[in-house]
Amino acid sequence: MTSSSYEAANPLAAGISRAISTSTADLVVLDQESGQWQRYPWPEIHAKAERIASEILARADRAVGRVGLIGEPTAELVAAILGAWMAGTTVSILPGPVRGADPAAWARTSLRRFADIGVRTVFSHTGTLELLASAETAVHVADLAVVGRSGLSSSFTPEAGGDGGSLAVLQGTAGSTGMPKWVELSRDTAVANIDGVVDRLGLTPADVGCSWLPLYHDMGLTFLMSTLVTGIPLWLAPNSAFAAGPFKWMNWLSDAGATYTAAPNFAYDIVGRYGRLIKDADLGRMRIAISGGEPIDTAGFQRFLDETTRVGFDPGAAVPAYGLAESTCAVTMVRPGAGLRVDEVRVEDRGDGTATTRRLAVLGEPIPGTEVRITPSDPAPQAIEGREVGDVEIRGTSMMDGYFGDERLSPDGWFKTGDIGYLVDGALVVCGRAKELIIVAGRNVFPTEIERAAATVDGVRSGRVVAIGTGAGAARPGLAIAAEYKGADETSARAAIVERVASECGIVPSEVILVPAGGLPITTSGKLRRLEVKRLVESAGAAK
């Protein structure tokens, strides 16, 4: 196969190979055990990727299959992503075992999930590898550390086709509101999304990336790919290292001289709430700080901006964004330099002649190749004065082929995201999820409004509050709130939550359930599992 035909058939692997094989920058990985950063020149990562691709292609009968990856980020794991694409196959990444899970059961479940989508080879390392290798499975389990340093055949030739066809990624969805699915992303789709992100952000060789986002999440993988295709320096830390000390993130940005980072809303909120703890950090080089992956609390994000300004952070570097796995990742993004823009709106009459004021984040215009439109929603959401609110639908070059095992998505068809929002001057504003609308006293309300009010009560954990409707179909449906609480006086906290929600939202909760920190079920990427929380609330009510 000629070089030009390979690039045409496999533009993702070819583009990344071209960028990192000639880059003078490094991948810098945090070893959590030692706490030290380890440098790997990008050309060395490229060589590791070729060795891993060679190993994949050397399997008996060239039965490549799809490639699964599990483990904390290492040089070899990053190389394995590119190596799989060089071998002409598909990558899928799953999270490691979580605290409290049975290790043997986790290993069996993970390997079964991989096998169900056609994964024949799983690469891992250290303790995670041992757990997987001890499980009975037909899937081949291999040590990344060994494969990454094994010899390279001088006759190695990248594959364009392979068992994966044109499929690049099988991305698991978060599963916060239902059963997880696998999103099928082609090579062209991945390239289109990354090109759109690079274009919108204006990434150049002068930029330096820093991320702790898990690579099994679409935002973490997309962040990695945006640095791979540009060959810029990347400082990569395990998600667990951030979880163990969120404020280390600020020091990592400072030590790296980072210009580019990304995180979900809760991370900025944590830093903003306890910004006084930031010490010896210099964020003067930051020009891109993406906030995406979950609804943006404008007050919390503004707190982050206020706190970090004193250590050099430019508020214009704030980049609110909207995305979903079904569109590879990014859908809309604010242009760097514009900063946080808030749309202050008045929400429908409460029934007593008053209206609620809400401050919603403007999430930017669609990236190149992507279109967004708003269509009428059923049931109709809360009316917002001066705004046409409805279903958010998208289409474009970044869209998935479809869900694994389901019908293909029409290339020109509009995809209903499940979110409710509106456009203002061509930029998207998201109000909430259609499935999460709560009907109380004849009003359709979004839970985020209620959750943010409840989270302002002392002792309630921000980002760990869920509002749900109860008694669906009953004559008088109610509102229940479940929240993680750290404090001694639960009775007073419940009363404060009822008073705060009634005052700010015009709705009186019929039930408030408080659980200890960590008591609400979350996905591996940190999102609340709302359906499980609803069952928790319903079971608590039935027990009374």
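Find how much the distance from Arg273 to Ala8 grows on full extension, using 0.36 nm per residue of separation minus their present alpha carbon separation; answer in nm with one decimal. Show your work: numbers first, answer last.
Numbers: separation 265, 0.36 × 265 = 95.40 nm, distance 4.88 nm.
Once the chain is fully extended between Arg273 and Ala8, it gains 90.5 nm.
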Extension gain (nm, one decimal) between Gln38 and Ser492, 0.36 nm per residue minus Cα-Cα: 158.5 nm
Sites Asp282 and Glu407, calculated FRET efficiency, Cβ-Cβ separation with R0 56 Å, nearest 0.05: 0.60
Point-to-point label distance, Arg373-Phe247, nm (Cα→Cβ direction, 7 Å offset): 5.0
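Skip the ligands, DNA and RNA, and give the accessible area per residue of the chain with a 1.4 Å probe, whole Å². Please report the intermediate quantities before stating the final value.
Details: 22310 Å² over 544 residues.
Value for the chain: 41 Å² per residue.
Using a ≥ b ≥ c from the Cα gyration tensor of the range 330-425 (square roots of the eigenvalues), is it rounded, prolate or oblate, where a/c under 1.5 gives rounded and otherwise the larger of a/b and b/c decides, a/b for prolate? Please list the in-between numbers first.
Numbers: a/c = 3.17, a/b = 1.51, b/c = 2.09.
In terms of gyration-tensor shape, oblate.
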Ser503/Glu388 FRET efficiency (R0 35 Å; Cβ-Cβ; nearest 0.05): 0.75
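Sorting Trp249, Trp235 by accessible area (1.4 Å probe), largest first, what list results? Please list the in-between numbers first.
Details: Trp249 0, Trp235 25 Å².
Ranking Trp249, Trp235 by accessible area, largest first, yields Trp235, Trp249.
Report the gain in length on full extension from Glu532 to Arg346: 0.36 nm times residue separation, minus Cα-Cα distance, nm rounded to one decimal.
On the way: separation 186, 0.36 × 186 = 66.96 nm, distance 3.19 nm.
Stretched fully, the Glu532-Arg346 segment lengthens by 63.8 nm.
Leaving ligands, DNA and RNA out of it, report the carbon-plus-sulfur percent of the accessible area of the chain at a 1.4 Å probe.
Numbers: 11150 of 22310 Å².
Ligands and nucleic acids excluded, carbon and sulfur reach 50 percent.
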With Cα atoms, 0 to 90° folded angle of helix 530-542 axis to the chain main axis: 40
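To the nearest 500 deg cm²/dmol, what mean residue ellipticity at 222 nm is calculated for the chain from DSSP H runs of n ≥ 4 alone, each contributing -39,500 (n - 2.57), summed and divided by the residues? Don't skip to the end; give the middle numbers.
Numbers: 16 runs with 173 residues, N = 544.
-9500 deg cm²/dmol, from helical runs alone.
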Nearest-10 value in Å² for the accessible area of Ser186, using the 1.4 Å probe: 10
Accessible area, probe 1.4 Å, largest first, for residues Arg149, Arg200, Arg387, Arg39: Arg149, Arg39, Arg387, Arg200
Exposure of Arg346 as accessible area (Å², to 10), given a probe of 1.4 Å and all protein chains: 110
Cα-projected label distance for Thr157 with Asp425, points at 7 Å along beta-carbon direction, nm: 5.5
Tilt relative to the chain, helix 187-201 - C-alpha long axis, 0 to 90 degrees, to 10: 60
Angle between the chain longest axis and helix 42-57 axis [Cα atoms, degrees, rounded to 10]: 80
Gyration tensor verdict on the range 12-135 (Cα atoms; rounded if a/c is under 1.5, prolate if a/b is larger than b/c, oblate otherwise): oblate
Sorted peptide list for 66-73, 266-273, criterion being average Cβ within 10 angstrom, highest first: 66-73, 266-273
Radius of gyration and Dmax over the Cα atoms of the range 209-363, both given in Å: 16.3, 58
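Quick check: with the 1.4 Å probe, what order do Lys486, Lys279 take by accessible area, largest first?
Details: Lys486 165, Lys279 135 Å².
The ordering from most to least exposed comes out as Lys486, Lys279.
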Among (i) 23.6, 78; (ii) 32.2, 133; (iii) 27.0, 83, the entry derived from the coordinates for Rg and Dmax of the Cα atoms in Å: (i)
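Can you compute the FRET efficiency between Arg112 and Ala299 using 1/(1 + (r/R0)^6), with r the Cβ-Cβ distance and R0 = 45 Å? Round to the nearest 0.05. Please report the intermediate quantities before stating the final value.
Working: r = 43 Å, r/R0 = 0.96.
Result of the calculation: an efficiency of 0.55.
The values are calculated or read from the model by the stated rules, or taken from the named source; none is laboratory data. Treat the numbers as computed from the prediction; the structure is a model and nothing was measured. Cβ atoms come from the backbone with ideal geometry, glycine included; neighbour counts cover every protein chain shown. Note: accessible area is taken over every heavy atom of the protein model, side chains too, but ligands, DNA and RNA are not part of it. Shrake-Rupley method; radii C 1.70, N 1.55, O 1.52, S 1.80 Å.
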